[in-house]
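Read through the structure below, which is laid out as structure tokens, and then see the notes.
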Amino acid sequence: MAVTILRASLAFVAFASLAACATEGVAPVSNDVPRGDFVLRASGQGDWRVECTIDTVRGRSAVAEIDGKGRTNYDVIAIEGAIAGSCSYEAGDADLILTAESSGIACPFEVGAEELCRAMIPAGMTDSFTISLQ
């Protein structure tokens, strides 16, 4: 399982070793297990925050949080082997744009004519959404 968080001015990657993910009572991952790779891009001005808790094929939950402060910020959450989960968001004093570019994961937003999995979150809105396999 890898959790990647990219920042406009700083990029860092946190990897959890597969050995550390193995726990008693968790079955080994089979190639037959349905899974997806969850990627959520967020951009906006002002203060905003997105937090996701994603269940993975390894039987563990990956938690990732990104936030923006001040000028236009762009961040990404990427989690391999996702099977389900939820994300909450808080748009600050400006609109927040969330774009999901995930393989094997159903789009958690209403898809418009352009068929991009994108949501424009109005300033000041706080809400959440769930993700699931297609």
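Each reported figure results from applying straightforward, stated rules to the coordinates on display, with no laboratory input. Please read all numbers here as calculations on a predicted model, not as lab measurements. Quick reminder, even Gly has a Cβ in these numbers, built from the backbone with ideal geometry, and neighbours come from all protein chains shown.
Computed from phi, the 3J(HN,Hα) profile of the stretch 61-69 under the Karplus parametrisation 6.51, -1.76, 1.60 (θ = phi - 60°) reads 10, 9, 10, 9, 9, 10, 8, x, 9 Hz, with x in place of Gly and Pro. Working note: Karplus 6.51/-1.76/1.60 with θ = phi - 60° gives the stretch 118-123 the couplings 9, 10, 9, 8, x, 3 Hz, where Gly and Pro are set to x.
First check a/c for the stretch 44-127, with a ≥ b ≥ c the square roots of the eigenvalues of its C-alpha gyration tensor; if it is under 1.5, answer rounded, and if not, answer prolate when a/b is larger than b/c or oblate otherwise. All intermediate terms of the calculation are to be shown ahead of the outcome.
Working: a/c = 2.26, a/b = 1.40, b/c = 1.61.
In terms of gyration-tensor shape, oblate.
Fully extending the segment from Ala106 to Ser128 would add 6.4 nm, taking 0.36 nm per residue of separation and subtracting the current Cα-Cα distance. Once both labels are positioned 7 Å from their Cα atoms along Cα-to-Cβ, the gap between Glu115 and Ser88 label points is 3.5 nm. Using the Karplus relation 6.51 cos²θ - 1.76 cosθ + 1.60 with θ = phi - 60°, the per-residue 3J(HN,Hα) values for the stretch 81-96 come to x, 6, 10, 5, x, 8, 9, 10, 9, 9, 7, x, 8, 9, 5, 10 Hz, with x marking Gly and Pro.
Computed from the C-beta positions of Tyr74 and Thr53 and an R0 of 25 Å, the FRET efficiency is 0.70 to the nearest 0.05.
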